[in-house]
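Structure, as structure tokens:
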Amino acid sequence: MGTAPIEDGAHATLGVLGAGAWGTALAITMARSGRRVVLWGSDEARMARLAHERAHTAALPGIRFPDNLEIENDLERVCRTAAGLMLAVPSGGFRTLLRVITPLCDEATTVAWATKGLESGTHKRLSEIHSEARPGRPAALLTGPTFAREIAAGLPAAMTIASQDPVVAETVASWVRSERLRVYTSDDVIGAEIGGAVKNVLAIAAGISDGLGFGANARAALITRGLAELLRLGAAVGGRAETLIGLSGVGDLVLTCTDDLSRNRRVGLALAGGRSLGDILGELGQAAEGVASAREVYALAREHRVDMPITEQVCQVLFAGRSPQAAVTALLNRDPRTEADPATA
Ligand SMILES: NC(=O)C1=CN([C@@H]2O[C@H](COP(=O)(O)OP(=O)(O)OC[C@H]3O[C@@H](n4cnc5c(N)ncnc54)[C@H](O)[C@@H]3O)[C@@H](O)[C@H]2O)C=CC1
Ligand SMILES: O=C(CO)COP(=O)(O)O
């Protein structure tokens, strides 16, 4: 197989694995800095369309691919030639993809991911899955308040790259940083992952509340009490509060609880309208990680004896047939508490 040698530095080829809304937006962003970027996706028909149209018209209408963004169907070739890989598949495909690419990559290849969520069934964080597959190898995650469409359009934004290794964090930051995109680094991998997973569940709750017409006061209360849940779980599993009040926690929580570009929020809005979850997800046709993560976040919370009443009610609505109205009543009628109680408030 003809493979170009792996080089390091600013001219290295970068691969993006997963050609949905977010993978494509990131590939566009990374290519804008002038590097050669290769975008791989598993659906050959879709990839042929992207190559032909030089755009992802369904997810990112009106955005043309830069010339140095290449579409590739051969995963092995991407892994063998790229100095760095950005995984942007939904959490449900993360372990499988990592298992496939690990033997194809050099041990020195930097693997980053932009996936948000916990593994279904195990509630493992994605960095735990990475450590199992590639122990001690360079890894980082990308998170924060970033809608694919706005990033692809080049609108100003900020994000966080988290890695236990500051050099790796800075390397991955350099892949995406631009005049329009401010990138912060962090060594709090756990906090960054918990923020990204839990905010999606809370965005569903905010969508339900707004869909029921409960107004701005209720939304603000949900965001604030949701943040309390986020902080409690983060502290219990080893994340830092300063991370959770930063871009990967509060930033993403506010974004997805308040704007209808959020698919998780739209799931909540539709649930409040009486639609079934199956119909909603079928129509959405894109990832809504809060649905997959809700059970896992709640299970993790129970394991650590952390009270997460909003998350619990989202699970009830999603999986136990509770009506959105009954879920809100259950939340409002909980026993009175002191707001500052760190354990259960
Ligand atoms: N869309 C957005 O604005 C943002 C999304 N994210 C996160 O990025 C992840 C991906 O989201 P989107 O791209 O928006 O979803 P999407 O639904 O637009 O696309 C997901 C893509 O992954 C592909 N896929 C699924 N499993 C795969 C596997 N095992 N191997 C290869 N490809 C696979 C699907 O065919 C689809 O093309 C999610 O975890 C999401 O929470 C994070 C920040 C922003
Ligand atoms: O994570 C996101 C923005 O930061 C995207 O949110 P949704 O998956 O709810 O659209």
Based on other C-beta atoms within 10 Å, arrange F94, F214 from fewest to most.
F214, F94
Apply the Kirkwood formula to the chain: the hydrodynamic radius equals the inverse of the mean of 1/r over all pairs of different alpha-carbon atoms; give it in Å with one decimal.
20.4
Is there a quick way to get the dipole size of region 14-187? I mean about its Cα centre, with the Cβ of Lys and Arg at +1 and of Asp and Glu at -1; what is the value in debye to the nearest 20?
320
So, with +1 on the Cβ of K and R and -1 on the Cβ of D and E, and no other charges, what is the size of the charge dipole of region 191-333 about its Cα centre, to the nearest 20 debye?
220
Computed helical MRE - 222 nm, the chain, DSSP H runs ≥ 4 contributing -39500 (n - 2.57), nearest 500
-15000 deg cm²/dmol
Of the candidates G274, G239, L253, the farthest towards the positive dipole end of region 228-277 (Lys/Arg Cβ +1, Asp/Glu Cβ -1, centred on the Cα centre) is G274
Simple Cβ-charge dipole of the chain, Lys/Arg +1 and Asp/Glu -1, about Cα centre, in debye nearest 20:
500
Picking from L212, S174, A288, whose Cα lies most toward the positive end of the charge dipole for region 161-297 (charges on Cβ: Lys, Arg +1; Asp, Glu -1)?
L212
Considering the options L222, L85, A301, tell which one lies farthest towards the positive end of the dipole of the chain, charges being +1 on Lys and Arg and -1 on Asp and Glu at the Cβ, about the Cα centre.
L222
Please state, rounded to one decimal and in Å, the Kirkwood hydrodynamic radius that region 191-333 gives when every pair of distinct Cα atoms enters the mean of 1/r.
14.6
Tilt, helix 44-53 to longest principal axis of the chain (alpha-carbon atoms), in degrees rounded to tens, equals 70
Sorting E76, E303 on the 10 Å Cβ count, fewest up front, what's the list?
E303, E76
Here the Cα Rg-to-2.2 N^0.38 Å ratio for region 14-187 is 0.95
Three principal axis extents, largest first, for the C-alpha atoms of region 242-307, in Å?
36, 26, 19
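Computed from the coordinates by the stated procedures, all read-outs in this text should not be read as laboratory data. Keep in mind that what you see is a predicted model, and the values were worked out from it rather than measured. Heads up, the Cβs are rebuilt from the backbone with ideal geometry, glycines too, and the neighbour counts pull from every protein chain shown.
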